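Student: Shown below is the structure under consideration.
The values are calculated or read from the model by the stated rules, or taken from the named source; none is laboratory data. Because the structure is predicted, anything quoted here is derived from the model rather than measured. Cβ placement follows ideal geometry from the backbone for every residue including glycine, while neighbour counts extend to all protein chains displayed. Just the protein is used for accessible areas: all its heavy atoms, side chains included, with ligands, DNA and RNA removed. Shrake-Rupley method; radii C 1.70, N 1.55, O 1.52, S 1.80 Å.
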Amino acid sequence: MTKVKLITDSGADLPYSFLQEQNIDLLPLQVELDGEEYDDVISIDSKKIFDAMRNGKTPKTSQASPTKIKEVFVNLAKEKRPGVYIAFSSQLSGTYQTVCMIREQVLEEYPDLDLTIIDTKAASLGQGLIVFHAAKLASSGATKEKIIQETEFYCSHMEHLFTVDDLEYLRRGGRVSRASAFVGGLLNIKPLLNVEDGKLIPIEKIRGKKKVLNRILELMEERGVNLKDQLIGISHGDDEETARQMKNMIEERFGCKHFYINMIGSAIGAHSGPGTLAIFFLNAKANSELDIAP
């Protein structure tokens, strides 16, 4: 039985070293800074983006290169391997629509291409945890059908809770008005958001960092299932200190032992800004055949 090939994009915010170790093909989103274009994860460090934003610059982003996408899909077809592409939310990037279109183009030339594309409706380590689990399955020799089944379960039940440190960064990206950003800055307002059906949805506005971290814990308790047995994802915008603080709070409250902490990548970070904190976990209990521990 031929081992399943996994493909993802840099919306997953996973380290390039991990993807290489797992032999997962990466399609990087594009990031433009000071007139130069970079491949997210591969040719730019997200700290460079966060430092530039602190200095008043506004990086731009675009979807993965169609040329690179086609190259990866053609190679998969030539290898005659089954493949699963685990994609960044179609509501946050045009990459999903592009990969679907290019898959159809490649099928015209290589009708035996065996590639399934999954819209995770997830972002950052929400998508990353899905890829992480699929990689475990692929490494163990799981069938394509089993990988798809479990990946779709994770996609359906992945929670995202996140806050940003400064509303100004969301204003620059057109997410909030100039007035809201100004007043929010004066009053130390921290927006709390989640992802619903792949879209960013504001939940509440909370005054003060401590209160917003405590509110995240409350929502985790309301939404999470078997949290202590899960792998909890924490991503941050160049603020590892707060990420570690959040980890300790989650560990103390829920008894969680398994965490994956990583800095937000350049493409997502260009919109959320430095100081962002995001938490990811499942809101449903996996059945006996689904391993949710790391």
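Student: Around ASP9, which amide H atoms from residues at least 5 apart in sequence, or from another chain, sit under 5 Å from its own amide H, with H modelled in the peptide plane?
Tutor: The answer is LEU27, PHE88.
Student: For a quick protection proxy, order the peptides 263-276, 41-54 by their average other-Cβ count within 10 Å, most packed first.
Tutor: Numbers: 263-276: 26.1, 41-54: 18.2.
With the highest mean Cβ count within 10 Å placed first, the list reads 263-276, 41-54.
Student: Still on this model: With a/c under 1.5 counting as rounded, go ahead and sort the chain into rounded, prolate or oblate using the C-alpha gyration tensor (a ≥ b ≥ c being the square roots of the eigenvalues; past the cut-off, prolate if a/b is larger than b/c, else oblate).
Tutor: Values: a/c = 2.14, a/b = 1.32, b/c = 1.62.
Cα axes put the chain in the oblate bin.
Student: With θ taken as phi - 60° and the coefficients 6.51, -1.76 and 1.60, list the Karplus ³J(HN,Hα) couplings across segment 102-114 in order, rounded to whole Hz; mark glycine and proline as x.
Tutor: Along segment 102-114, the couplings run 5, 4, 5, 5, 5, 4, 5, 8, 10, x, 8, 3, 10 Hz.
Student: Using the Cβ atoms and a cut-off under 10 Å, what net charge is assigned to the surroundings of SER10, where Lys and Arg are +1 and Asp and Glu are -1? Walk me through the intermediate numbers first.
Tutor: Working: positive: none; negative: ASP9, ASP13, ASP39, ASP40.
Overall, the nearby charge balance is -4.
Student: Then there is this: Search the structure for amide H atoms under 5 Å from the amide H of ASP239, placed 1.01 Å from N in the peptide plane, and list their residues when 5 or more places away or on another chain.
Tutor: Sorted by chain and number, the residues that satisfy this are GLY275.
Student: Right, something else. Counting each DSSP H run of 4 or more residues in the chain as -39500 (n - 2.57), what helix-only mean residue ellipticity at 222 nm follows after dividing by all residues, to the nearest 500 deg cm²/dmol?
Tutor: Numbers: 11 runs with 126 residues, N = 294.
Calculated at 222 nm, the ellipticity per residue is -13000 deg cm²/dmol.
Student: Still on this structure: Could you name the aspartates and glutamates in cross-link range of LYS68, using Cα to Cα under 14 Å and dropping any fewer than eight places away on the same chain?
Tutor: Cα-Cα hits under 14 Å: ASP9, ASP25, ASP39, ASP40.
Student: Tell me, what is the FRET efficiency for ARG207 and SER43 to the nearest 0.05, using R0 = 30 angstrom and their Cβ-Cβ distance as r?
Tutor: On the way: r = 39 Å, r/R0 = 1.31.
Once rounded, the FRET efficiency stands at 0.15.
Student: If you don't mind, there's one more thing I want to ask. Order ASP238, ASP34, ASP9 by their accessible area, 1.4 angstrom probe, all chains in place, largest first. Walk me through the numbers on the way to the answer.
Tutor: Numbers: ASP238 40, ASP34 110, ASP9 0 Å².
Per-residue accessible area, sorted high to low, gives ASP34, ASP238, ASP9.
Student: So if R0 is 25 Å, what FRET efficiency would GLU252 and LYS57 give, r being the distance between their Cβ atoms, rounded to the nearest 0.05?
Tutor: 0.05
Student: Express as a percent, rounded to the nearest 5, the fraction of DSSP beta bridges in the chain (both residues included) that run antiparallel.
Tutor: Numbers: 28 of 47 bridges.
Percent antiparallel among DSSP bridges in the chain is about 60.
Student: Pop out the ³J(HN,Hα) list for segment 200-208 in order, Karplus 6.51 cos²θ - 1.76 cosθ + 1.60 with θ = phi - 60°, rounded to Hz; leave Gly and Pro as x.
Tutor: 7, 10, x, 9, 8, 10, 10, 8, x
Student: HN-Hα J couplings of segment 120-128 from phi, Karplus 6.51/-1.76/1.60, θ = phi - 60°, integer Hz, Gly and Pro as x?
Tutor: 5, 6, 10, 8, 6, 6, x, 5, x
Student: Need one number: nm distance between label points at LEU219 and GLN20, each 7 Å from Cα along Cα→Cβ, rounded to one decimal.
Tutor: 3.6
Student: If you don't mind, there's one more thing I want to ask. In a shell of Cβ-Cβ distance under 12 Å around GLU204, excluding GLU204 itself, what net charge do Lys and Arg (+1) and Asp and Glu (-1) give? Could the numbers behind the result be given before it?
Tutor: On the way: positive: LYS190, LYS205, ARG207, LYS211, ARG215; negative: GLU218.
Combined, the nearby Lys, Arg, Asp and Glu give +4.
Student: Charges only on Cβ, +1 for Lys and Arg, -1 for Asp and Glu: so what's the dipole of segment 238-290 about the Cα centre, in debye to the nearest 20?
Tutor: Details: 5 positive and 7 negative charges, 45 e Å.
Rounded to the nearest 20 debye, it is 220 debye.
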